[in-house]
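Shown next, in structure tokens, is the structure this report addresses.
The values are calculated or read from the model by the stated rules, or taken from the named source; none is laboratory data. Just so you know, these numbers come straight off a predicted model, no measurement behind them. Virtual Cβ from ideal backbone geometry, glycine too; neighbours counted across all protein chains shown. Ligands, DNA and RNA are stripped out before the accessible areas are found, and what is left, the full protein with its side chains, is counted by its heavy atoms. Shrake-Rupley method; radii C 1.70, N 1.55, O 1.52, S 1.80 Å.
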Amino acid sequence: MKKYITLAALLAAGTTFANAETPTVVWDLDFESDGVAIKVADGVATNLGTGVGSNGLISGGAITLNNNSFSFTQTAGNLSYADEFSLVVTVALGASQPGNWPAIFGLGETNDWCWKPSFYVATGKFNLDKDGFGGVVDETNKAVGNIDYTLPEEGYGVPVTISLVSNGAGKISLYVGGAEAGYTTITSAAEYGSNKLIKNFTFGARNGGGNKSNIKLYDATFYSGIVVPEPSAFGMLAGLGALALVASRRRRK
């Protein structure tokens, strides 16, 4: 069951957002034994079968993207970076191929600009990278994730829910397991104007197919409005692990 904190809950907690709107589902993507299941509420998805279903990549309700990518295009719809939106995905992470920037997914538009949440094994951190925005991003706010995630020696780590959220005022935030891992601010209004419609979605890589990573994608949902995943068991376990480490260090002193 998907558990998210909706805009109403965030407002009740005292969080404020500009031009707050009620979140609605634009499309909802799931994987079944016989392929991809997608519910589209706004617009039409095309080339949905790219790289899927032909070689046993789908099993256990997930698609395995071993340094490969899965993408589709929404040919209609009117969401842009000037709107409030959320893209929420549930993935399990594996080690990335050497030499690749390990983008978990790319959220783009027709000119290949995109945001790409990534996980770097070397640092054990999540990052929010940009591609194609040039110098219009406030680099002082670039997300360098504060959420630790340890990969196993073999296979994939436990699934974690990752959310990329825009507040419609030039700020884009990255949430991991319900906690904000960082944010970045677009400083040029022209770059998130209403004419920059979000059309392209690529999983396991950035928009365009590069910067690949190794993930199992369980589901993905694109919302009009702000939706943040509730703190996950992963996040709770990570917090308990940190507390245990602190207690252990104190005992050693």
**Item:** Candidate residues K130, K199: accessible-area rank, largest first, probe 1.4 Å
**Value:** K130, K199
**Complete:** Between S59 and E180, the FRET efficiency computed from the C-beta separation at R0 = 30 Å comes out, to the nearest 0.05, as 0.40
**Asked** Which pairs, out of K196/K216; K130/K212; K116/K171; K171/K216; K116/K196, put more than 25 Å between their alpha-carbon atoms?
**Response** K196/K216; K171/K216
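Given 0.36 nm per residue, what is the gain on full extension from A41 to E230 after removing their alpha carbon distance, in nm?
On the way: separation 189, 0.36 × 189 = 68.04 nm, distance 2.38 nm.
Answer, rounded to one decimal: 65.7 nm.
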**Prompt:** To the nearest 10 square angstrom, what accessible area does D42 show with a 1.4 Å probe?
**Reply:** 60 Å²
